[in-house]
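Student: This structure is in structure tokens; I'll ask about it shortly.
The values are calculated or read from the model by the stated rules, or taken from the named source; none is laboratory data. What you see is a predicted model, and the numbers here were worked out from it, not measured in a lab. Heads up, the Cβs are rebuilt from the backbone with ideal geometry, glycines too, and the neighbour counts pull from every protein chain shown. Just so you know, the surface numbers come from the protein's heavy atoms only, side chains and all, with ligands and any DNA or RNA stripped out. Shrake-Rupley method; radii C 1.70, N 1.55, O 1.52, S 1.80 Å.
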Amino acid sequence: MISKLYFKHLIYLGLSVCMTLNPATLYPNTQKEDSLLNILEFQKDTARINTLNKLAWYYNSHHNEKAEVMAISAFEEAEKINYLEGINDAHRRLADYYRQSNQFSKAQEHLIAVLKSEKNANDTVAILKTYVGLGNLYIGIDDNNKAEANYKRALDLTIKMANWKYYAIVCNNLGQVNENLSKFEEAKDFYLKGLSKENPTQLSPNYLNLLQNIGSAHYYLDNIDSAFYYNNKIKEIALKQNNPSLLAGVFQNEGVYLEGNYDYRAAISSYQKAFTYAQKTNDLISIQDLYSNIMLCYGYLGEIDSLDLYYEKSYYINQDNIKAKTDKAIHELSIQYEVEKKEQNLTLALKEQEKMELSNELKQTAIYILLAVIAIIGLLVFIFYILYQEKQKLIQLQVEAKNSEIESLIKDQEISIYSAQIEGVEKERKRIAQDLHDKIGGLLATIKLQFEGADGINDKSIENVKSLVNESIKTVRSISHDISDGRVDEMGLIPAIENLKNTVTDSGKMSFDLFLDNYHNSLSVWKEREIFKLLLELISNTLKHAEANHIVLQINVIDKSIHLTFEDNGIGFDHSKVINGLGMRTISQRVDNLHGSWYIDSKPKHGTTVVIEIPLK
């Protein structure tokens, strides 16, 4: 079984990345940008080069292109005076900038240049960090073989230096590389080696990550009991710390492992616990994953109503995710605007310091420019407002004209439509009353007879009554389900199917190909609703019985009929032996209600194909 684990398998960078690509460890008391710019003018030689590298680090941390300019300046000035430390720092700043800018080949060139210099100086600690940095860089471009080679070189150095802290981190990275290459046994061995050098009392992030990764490796090796063992160790720590984020991940992984054991009820329970903690951290992505996992568990159990419920929840949380991402993007743009505004102010301040005699003139000029910008912006806003008002008036006129056009048509059809609505409501009431009388009434009468005819209450009579009550509940649920399905009414058939496809695909358990041809909302709402229920029934049967991992659905309009072709690559079955099953009867009844026709083609081990034809009118 393939399921989505909560924890992303991190290339655990730890201190190694910071020291390799980031001067924060070299400059623990790095000054702010404005003070660095102020002192830069009066510095020379190594002091000036160091300040340029500090500024490059500052701009790198803010994803600013000025980082490249500062680092290049530092590199060129350091080369002129042969200042090796400044050259290497500039190489690291440029490597960091190009890595963040996805210019991996340039980042590689600068890291290799640093490595060559460090080897000449025989600086073992620096060489170790650069090897880890190269490994991280290659992971970023999915070159796992090169990443593994550099991590192994780093591992050899940690053993030579007896530096077990870095040894544990590098083992974790090597385990992840092997997991990326599907070498799960080798990955597990590296994780265990790293864990052996960690102090369990310190509960470092690398220690927790190693526990998770060992459990993951066991899961992919089908050692589910071992996966549970390591997940439970993390659970104990998370419960002691009362860490909602960690607990959400632990219970979600527990659900995945239970699902791997086909214990879908227990898996649903664990997913619901994970959901409680994910809500506390407002982790919308995890909440959506949990809804999808719960939905598919109900699918495997064949509980269509619950599957349908969690599909709706997954759909709406997806909308919340989109909104959250949009809000985050707007927030980041706002921050970027503020940073750029601050940079402009600092640049003006530096120029005022360089040319004190022109300060008053520059201030006056800045005021004029600001007023001009405000005036231009105000004018543009006013123009846009006027244009918007005119556009709204035009739209209103068009709407009024269109309303006038169709008003006469509406009046002509109102009486006939109202009569048809009354007739439809009356028929629906009679049908529901008939169902309640024939189905529920009969079942309740039988329950009554069970009690009246029994000399005393015994296990057999109790079991009979329980069976009848359960059948009554199912019948009421069926009648309720037949009355309405608001989601298709709200979205339309095709968007509802596309959202269902996305939910199934995002679960990671099954791929879903959808092909649409020439369908333009040609059916009534009632027919679209019935077709959607048909598709839910087919998907539920596939999840419950077929053991498939791929679905294909084609929707075509041919000769005034809509054709639905549903295929899966599951184990298939002898349909002559199950034609009277509940699922088959349900499908057959729905097709008959739509005045359509259908046939099924399935053989053991050859998958299943269902073709349904429904007239458009």
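Student: Within the range 575-592, does at least one residue satisfy the condition of being more than 24 Å from GLU303 (Cβ to Cβ) and either buried (at least 16 other Cβ atoms within 10 Å of the Cβ) or modelled with pLDDT of 85 or more (or both)?
Tutor: Within the range 575-592, one or more residues are more than 24 Å from GLU303 (Cβ to Cβ) and either buried (at least 16 other Cβ atoms within 10 Å of the Cβ) or modelled with pLDDT of 85 or more (or both).
Student: Let me ask something additional. Which pairs have Cβ atoms under 8 Å, sit 6 or more apart or on different chains, and link a residue in the range 70-88 that is outside any helix (DSSP H, G or I) to one that is surrounded by fewer than 14 Cβ atoms within 10 Å (Cβ to Cβ)?
Tutor: ILE81/ASP45; TYR83/ASP45
Student: Among the residues of the range 544-567, is there at least one that is open to solvent by 50 Å² or more (accessible area, probe 1.4 Å) and either of a type in the set (A, V, I, L, M, F, W, C) or in contact with a His (Cβ under 8 Å, 6 or more places away or on another chain) (or both)?
Tutor: yes
Student: It is to be established whether one or more residues within the range 176-194 are in contact with a Cys (Cβ under 9 Å, 6 or more places away or on another chain), among the small types (Gly, Ala, Ser), modelled with pLDDT of 90 or more and under 18 Å from GLY135 (Cβ atoms).
Tutor: Yes.
Student: Sticking with this one: When you go through GLU259, GLU254 one by one, which is the residue that is closer than 13 Å to LEU290 by Cβ and touching a residue at least 40 places away in the same chain (Cβ under 8 Å)?
Tutor: Details: GLU254 fails: touching a residue at least 40 places away in the same chain (Cβ under 8 Å).
The match here is GLU259.
Student: Can you find a residue that is part of a helix (DSSP H, G or I), among the aliphatic types (A, V, I, L, M) and without any contact (Cβ under 8 Å) to a residue 24 or more places away in the chain anywhere in the range 501-517? Steps first, answer last, please.
Tutor: Of the residues in the range 501-517, the ones part of a helix (DSSP H, G or I) are 501-506.
This time we only want the ones that are among the aliphatic types (A, V, I, L, M), so: 504.
Remaining after also requiring without any contact (Cβ under 8 Å) to a residue 24 or more places away in the chain: none.
No - not one qualifying residue is present in the range 501-517.
Student: Among (1) among the small types (Gly, Ala, Ser); (2) in contact with a Phe, Trp or Tyr (Cβ under 8 Å, 6 or more places away or on another chain); (3) surrounded by fewer than 18 Cβ atoms within 10 Å (Cβ to Cβ), there is one condition ALA107 misses while meeting the rest; what is its number?
Tutor: (3)
Student: Would you confirm whether any residue within the range 220-229 is in a helix (DSSP H, G or I), of a type outside the set (S, T, N, Q), open to solvent by 30 Å² or more (accessible area, probe 1.4 Å) and without any contact (Cβ under 8 Å) to a residue 24 or more places away in the chain? Write out each step before concluding.
Tutor: First pass over the range 220-229, keeping only residues in a helix (DSSP H, G or I): 220, 224-229.
Of the ones still in play, those that are also of a type outside the set (S, T, N, Q) are 220, 224-225, 227-229.
With the extra rule that they be open to solvent by 30 Å² or more (accessible area, probe 1.4 Å), the set shrinks to 220, 225, 228-229.
Retained after the next criterion (residues that are without any contact (Cβ under 8 Å) to a residue 24 or more places away in the chain): 225, 229.
Checked the range 220-229: at least one residue is in a helix (DSSP H, G or I), of a type outside the set (S, T, N, Q), open to solvent by 30 Å² or more (accessible area, probe 1.4 Å) and without any contact (Cβ under 8 Å) to a residue 24 or more places away in the chain.
Student: Suppose we filter the range 184-210 for residues that are within 30 Å of the chain's Cα centre (by Cα) and open to solvent by 80 Å² or more (accessible area, probe 1.4 Å); how many remain?
Tutor: Of the residues in that region, 3 qualify.
Student: Which members of the range 212-230 meet the condition of being touching a Leu at 6+ places or on another chain (Cβ under 8 Å) and either under 14 Å from GLY260 (Cα atoms) or not aromatic (Phe, Trp, Tyr) (or both)? If you could, list the steps in order and put the result at the bottom.
Tutor: To start, the set of residues in the range 212-230 that are touching a Leu at 6+ places or on another chain (Cβ under 8 Å) comprises 214, 216, 219, 230.
Across the range 212-230, the qualifying residues are ILE214, SER216, TYR219.
Student: Return the residues of the range 68-82 that are open to solvent by less than 40 Å² (accessible area, probe 1.4 Å) and more than 44 Å from the chain's Cα centre (by Cα); say none if nothing qualifies.
Tutor: Here is the first cut: in the range 68-82, the residues open to solvent by less than 40 Å² (accessible area, probe 1.4 Å) are 70-71, 73-74, 78.
Matches in the range 68-82: ALA78 only.
Student: In addition: Does the range 52-67 hold any residues that are in a helix (DSSP H, G or I) and surrounded by fewer than 19 Cβ atoms within 10 Å (Cβ to Cβ), and which are they? Reasoning before the result, please.
Tutor: Keep residues of the range 52-67 that are in a helix (DSSP H, G or I), which gives 52-61, 66-67.
Within the range 52-67, SER61, LYS66 qualify.
Student: Related question: Tell me which residues, restricted to the range 138-164, are over 21 Å from ASP96 (Cα atoms) and either polar (S, T, N, Q) or in contact (Cβ under 8 Å) with a residue 40 or more places away in the chain (or both).
Tutor: ASN145, THR158, ASN163
Student: Report, by residue number, each residue of the range 517-526 that is open to solvent by less than 80 Å² (accessible area, probe 1.4 Å) and either of a type in the set (A, V, I, L, M, F, W, C) or touching a helix residue (DSSP H, G or I) at 6+ places or on another chain (Cβ under 9 Å) (or both).
Tutor: Within the range 517-526, TYR519, LEU523, VAL525 meet the criteria.
Residues checked against (1) open to solvent by 40 Å² or more (accessible area, probe 1.4 Å); (2) of a type in the set (Asp, Glu); (3) within 22 Å of ILE87 (Cβ to Cβ); (4) in a helix (DSSP H, G or I):
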site	(1), (2), (3), (4)
ILE112	yes, no, yes, yes
LEU115	no, no, yes, yes
GLU148	no, yes, no, yes
ARG153	yes, no, no, yes
